[in-house]
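Here's the structure, in structure tokens; my notes come after.
The values are calculated or read from the model by the stated rules, or taken from the named source; none is laboratory data. Source: prediction; values computed, not measured. Here the Cβ positions follow ideal geometry from the backbone for every residue, glycine too, while neighbour counts run over all protein chains shown. Please note that ligands, DNA and RNA were not included when accessible areas were found on the heavy atoms of the full protein model with its side chains. Shrake-Rupley method; radii C 1.70, N 1.55, O 1.52, S 1.80 Å.
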Amino acid sequence: MPRVLVTGAGRGIGLEFARQYRADGCDVLATCRNADAAAALEALGCETAILDVTDAAAIDKFAAGIPVQSLDVAILNAGTAGQRTPVLEPTSPEDFDAVMRTNVFGPMRLIAVLADRVARGGRIAVLSSRMGSIGITNNGRSVLYRASKAGLNAVARAASFELAPRGVIVVVLSPGWVKTDMGGPGADLDAATSVAGMRAAIAHTSAADSGRFVDHAEASIVW
Ligand SMILES: NC(=O)c1ccc[n+]([C@@H]2O[C@H](COP(=O)([O-])OP(=O)(O)OC[C@H]3O[C@@H](n4cnc5c(N)ncnc54)[C@H](OP(=O)(O)O)[C@@H]3O)[C@@H](O)[C@H]2O)c1
């Protein structure tokens, strides 16, 4: 049975990844931040762990409990939008730290400590965003979120080269604009459609195109 890790699985896109992989018969290790979310994930048949991805010691302890080369897919989904401030409105140091630690530091450290936990031929998928693409940026809104996802993209792309000799494949995903707490009710896509598309993209990414940046329909996105 394939074994899949999903971070930030208590709600939104992460919860939908957990639900779909369970429905396909996978073993799912789902992380969340509170007991209620853990109970709901356990009701789906997931193994759970409490993990805040801004906490380095917690990340290290979590990874140490995962057997070497036991994961087929690791989905680094946990993320936050922070205050959606435009460039010319000063960003607070607190918001900067919270968004950068969650969206960049968390996945960066997780990739480092999970590298030998993922099987040869396995995949690490990171939840980025079109807003992390510098090439298609055409306004100054939500600049901190944009910068965090651009940073995440740099980390994941760099990781694809370091992980290649281990046979671990990396894919950088944009889910589209999805109806979740983050995306809001007016978004284009329901979580089920977005996640089904991203699961296909994860499965289709090969060693030859490791490090690619694609959306839920597998269309390439410029960096
Ligand atoms: N929805 C969209 O339209 C959209 C578009 C582009 C990219 N994305 C990306 O897709 C991913 C999932 O987004 P979503 O729409 O599902 O967002 P969401 O509804 O706001 O859910 C965010 C998830 O991340 C978890 N999380 C936040 N901070 C965390 C931390 N420090 N440690 C551990 N978990 C943390 C949350 O856990 P709690 O429940 O404990 O807060 C929650 O499970 C994010 O990386 C997001 O940036 C979403």
Taking the dipole about the Cα centre of the chain, with the C-beta of Lys and Arg at +1 and of Asp and Glu at -1, give me whichever of P165, P67, P93 is farthest to the positive side.
P165
Placed amide H near G122: partners under 5 Å, 5+ positions off or other chain
I169
222 nm mean residue ellipticity, helices alone, for the chain (DSSP H n ≥ 4; -39,500 (n - 2.57); rounded to 500)
-11500 deg cm²/dmol
Specify the inter-centroid distance of region 97-150 and region 1-76, based on alpha-carbon positions, in whole Å.
18
What is the dipole size for the chain, taken about its Cα centre, with +1 at each Lys and Arg Cβ and -1 at each Asp and Glu Cβ, in debye to the nearest 20?
380
If you count only protein heavy atoms with a 1.4 Å probe, what accessible area per residue comes out for region 143-223, rounded to a whole Å²?
42
Which of D55, D181, D27 fluctuates most in a GNM of the chain (C-alpha springs under 10 Å)? That residue is D181
Just need the relative contact order of region 138-223 here, percent rounded to a whole number, with Cα pairs under 8 Å and 6+ apart.
31
Taking amide hydrogens as modeled 1.01 Å from N in the peptide plane, which residues meet the under 5 Å criterion relative to V87, leaving out close sequence neighbours?
V143
Take the solvent-accessible surface of the protein heavy atoms, probe 1.4 Å, and return the percent of it on the chain that carbon and sulfur atoms account for.
56
Cβ-based net charge around T91, under 13 Å, with every Lys or Arg adding one and every Asp or Glu removing one:
-1
